[in-house]
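Chemist: Got a structure for you, written out below as structure tokens; questions coming shortly.
The values are calculated or read from the model by the stated rules, or taken from the named source; none is laboratory data. Values in this document were obtained by computation on a predicted structure and should not be read as measured data. Glycine also receives a Cβ, built like all others from the backbone with ideal geometry; neighbour counts cover every protein chain displayed. Just so you know, the surface numbers come from the protein's heavy atoms only, side chains and all, with ligands and any DNA or RNA stripped out. Shrake-Rupley method; radii C 1.70, N 1.55, O 1.52, S 1.80 Å.
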Amino acid sequence: MPRNDTAFLFDLDGTLVDSVYQHVLAWKEALDREGVELSVWRIHRKIGMSGGLFANILLRETGLEITDERLERLRQWHADAFNRQHTQGSVRPLPGARELLAYLTEQQIPWAIATSGRMETAAHNLAALGVDPSKVPVVTRDQVRHAKPDPDLFLATAARLGVDIHQSLVIGDSVWDMLAAQRARALGVGLLSGGYGHAELQQSGAFRVYDDPADMLRHIDEIAARD
């Protein structure tokens, strides 16, 4: 039996894997290829939400026509660019990520991964972490109707684990993770490793904020119940 009823529901990019800025550059390449001129900082501010919603918002900000064909091209070009960076070895687990997951497993504390990415990009990150989707619940954008900031990903992940979402912690690195946690009625824990500030994460619902997985593991007694 688990030590406690609290489950940990992890975002992937920027929370367990150091890949946020690689996603930013991949989206920049895709948008440039489509002829959409957009500053890199504007792209970063949207990272963490679903790719489809992300592209819709960016195209809306530029005033360009949004079509299914254009959105599909952008999604595929982004995936190609991001996966290319994996082959170059630029995407790695964040400090303490593997150790944190190993600790939770050892202590029989349930955990799972919920990512707004599709499996075509998430698979590389999972492999880098040493996470086998056949053994660990992983819910991707492919499996829900709406991704972050909607709560669907975390609700589906809690259901896969067989835990109460209201007794779960959502661990994420963006305001979109924290907003989704609030909408799911879960507690949000923020990490600074995605590039959002301490105040931003708190204002969007994080009740604790840590630097990265290693820092969170050092303070795990603050959020995980004792026997």
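Chemist: Take the residues of segment 58-77 that are modelled with pLDDT of 75 or more, among the aliphatic types (A, V, I, L, M) and part of a helix (DSSP H, G or I): which is least open to solvent (accessible area, probe 1.4 Å)?
Modeler: Leu74
Chemist: Would you check which residues across segment 25-57 are open to solvent by 70 Å² or more (accessible area, probe 1.4 Å) and basic (Lys, Arg) and list them?
Modeler: Arg33, Arg42, Arg45, listed by residue number.
Chemist: Suppose the filter is more than 15 Å from the chain's Cα centre (by Cα), under 15 Å from Leu25 (Cβ atoms) and crowded, with 20+ Cβ neighbours inside 10 Å; does Leu100 pass it? Walk me through it before giving the result.
Modeler: Values: more than 15 Å from the chain's Cα centre (by Cα): yes; under 15 Å from Leu25 (Cβ atoms): no; crowded, with 20+ Cβ neighbours inside 10 Å: yes.
No.
Chemist: Could you check Gln182 against (1) open to solvent by less than 20 Å² (accessible area, probe 1.4 Å); (2) under 17 Å from Ala206 (Cβ atoms) and say which number it fails?
Modeler: Looking at each condition in turn, Gln182 falls short on (1).
Chemist: When you go through Asp132, Asp150 one by one, which is the residue that is free of Cβ contacts under 8 Å to residues at least 12 places away in the same chain and either assigned to a loop (DSSP other than H, G, I, E, B) or of a type in the set (Val, Ile, Thr) (or both)?
Modeler: Asp132
Chemist: So, one more: Can you tell me which residues in segment 203-213 are surrounded by 18 or more Cβ atoms within 10 Å (Cβ to Cβ) and of a type outside the set (Phe, Trp, Tyr)?
Modeler: Ser204, Gly205, Ala206, Val209, Asp212, Pro213
Chemist: Scan segment 185-202 for residues that are within 13 Å of the chain's Cα centre (by Cα), hydrophobic (A, V, I, L, M, F, W, C) and either farther than 21 Å from Val17 by Cβ or open to solvent by 10 Å² or more (accessible area, probe 1.4 Å) (or both) and jot them down.
Modeler: Leu192
Chemist: Can you name the residue in segment 144-175 that is among the acidic types (Asp, Glu) and touching a Ser or Thr at 6+ places or on another chain (Cβ under 9 Å) and is also least open to solvent (accessible area, probe 1.4 Å) among such residues?
Modeler: Asp173
Chemist: Moving to a separate point now. Give me the pairs: first residue in segment 205-223 and among the hydroxyl-bearing types (Ser, Thr, Tyr), second residue part of a helix (DSSP H, G or I) and crowded, with 18+ Cβ neighbours inside 10 Å, beta-carbon distance under 7 Å, and six or more apart or on different chains, which are they?
Modeler: Taking only residues 6 or more apart or on different chains, the pairs are Tyr210/Met216.
Chemist: Residue pairs, Cβ under 7 Å, 6 or more apart or interchain, first in segment 53-70 and farther than 18 Å from Gly117 by Cα, second part of a helix (DSSP H, G or I) and modelled with pLDDT under 75. List them.
Modeler: If the second residue must be part of a helix (DSSP H, G or I) and modelled with pLDDT under 75, the pairs left are Ile66/Asn56; Ile66/Leu59.
Chemist: Looking at the structure I just gave you, is Asn125 farther than 15 Å from Val20 by Cβ and not aromatic (Phe, Trp, Tyr)?
Modeler: Answer is no for this residue.
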